[in-house]
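Below is one structure, written out as structure tokens; comments come after it.
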Amino acid sequence: MRVRSIIMGAAIATITGAMLLATSGSAYAAVDSTPPARVIGGSSTGLSSIDGLIIGSDGSIYATANNTIEVFAPGATGNAAPVGVISGSATTLVHPYGIALDSSGNIYVADIDDAVKVFAAGAYGDVAPIRTISGNLTGFNNPEGLVIDSAGKIWVTNFNGASIETFDPTATGNVAPINVISGAATTLISPDGIELDGSGNIYVVDFQNTTVDVFAPTATGNVAPTRTIGGATTTLNAIYYLVLDSSRNIFVSDYLNSQINVFAVNQSGDEPPVRILSGSATGISGPFPLAMDVAGNLYVGNYNANSIAVFAPGTSIASIAPNSGPTTGGTPITITGTGFSTGATVTIGGVAAKNVQVVSGTKITAVTPAHAAGAVTVKVGSGGRSAVDPRGFTFLDELATTGVDASPSMGLGSGLLVVGAFLLLLRAAASRRRRAAL
């Protein structure tokens, strides 16, 4: 166990119990106990104290474990030996945490000795890094989270430095970051896992705050997050890492509860997750790092079990269009996402949608039912799994859709005002026509 986790001390049992009670009362969460599609584990794997995971474009699995980097073949399962290991005195590895790959396949790791070390693509054995970023100018203070953006820039979280730093793609040696997010407004205390979405938004797990903070792509300096997920209702408890799927749903590893909490793309504040991956059948035990491949398979590094569990893609909702319509219902909508199968069901505000058609595994069409005004939950059930968008559709009353209040509560005086205004408009129009005719 990491040294920094000692702060939880004797309160573990009390905190865990409180969080599990919150789970049972969740308004959205569906507990998913689906077993993993495969598990990599056993003495031949060499896995122990897994701290980082990343999946290569070819499906190769890279894991940091103790003072090594292990690489497994695509599709590896069971007690499979790694196809390669980076280990030995020449590597200078002490205890690497986060791991990332650039577009060329070079391997980046954040090491506990306040350094980011880069190894050549395909490197194995007792090899030296091709470059190392370290020194006082870097500002490193226990760097842990690590991600490479589409431009090759290196994003690093400082667990003990309460900051997020960005380095030039070619950075090496004792060099200052090109951008730093830090200060009281950020609310950061101990940032750990970090991810970027396709728009460049920055997602960070804050261990000490037990929150997921999202910063704008252009965030710099002492700037507040654009949204934060945190609070008792989220059920989050000792969180370290996160990963995003193609729909931008947020998967968060919850170490003490031995579960993965999933939050929808538009969630914020103290809200329950839309899905919880948990239960003995899942084999999840003290999850730390998370990763996802291009097919949407979820990889969970089980710190306690010294294994990597791989879960097939679940059902998810990416978008609903349009996302509003009248309370009378009848609005045709298109739901995009993943995991849709024949026989899928759709409810909107707890009422079954009409004319549900599964167009493909990523598209459903339906028609909204009648419902009272307000933002409501949209739920898709498919193949024994479900996906929820907590505020997926908003029913608008007649005033909002037409701009005129047709309710019985509209008094005679108000009605006369409307009629009078209409007559004045007609008179003005007639006057303009007369002037034009002269």
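Every read-out reported here was derived from the displayed coordinates using simple, explicitly stated rules and does not represent laboratory data. Bear in mind that the values here come from a model prediction, so they are computed numbers and not experimental data. Note that each Cβ is placed from the backbone with ideal geometry, even for glycine, and that neighbours are counted across all protein chains shown.
3J(HN,Hα) couplings calculated from phi for the range 373-386 with the Karplus curve 6.51 cos²θ - 1.76 cosθ + 1.60 (θ = phi - 60°) are, in sequence order, 5, x, 7, 10, 7, 10, 10, 10, x, 8, x, x, 10, 9 Hz; Gly and Pro show x. Simple point charges give the picture: +1 on the Cβ of Lys and Arg, -1 on the Cβ of Asp and Glu, and for the range 317-399 a dipole about the Cα centre of about 280 debye. Remark on ASN106: its backbone amide H falls under 5 Å from those of ALA121, a criterion applied only to residues 5 or more positions apart or on other chains, H modelled at 1.01 Å from N. Net charge dipole, the range 3-312: roughly 220 debye, given to the nearest 20, about the Cα centre with Cβ charges of +1 for Lys and Arg and -1 for Asp and Glu. Convex hull volume per residue, computed on the Cα atoms of the range 317-399, equals 70 Å³.
For LYS153, the lysines whose Cα falls under 28 Å of its own Cα, not counting residues fewer than eight places away in the same chain, are LYS117. Its residue count N sets the reference 2.2 N^0.38 Å, and the alpha-carbon radius of gyration of the range 3-312 equals 0.93 times that reference. Multiplying the residue separation of TYR124 and THR345 by 0.36 nm and subtracting their alpha-carbon distance yields 74.7 nm. Straight-line cross-link reach from LYS354 at under 20 Å between alpha-carbon atoms covers these lysines, not counting any fewer than eight positions away in the same chain: LYS363, LYS379.
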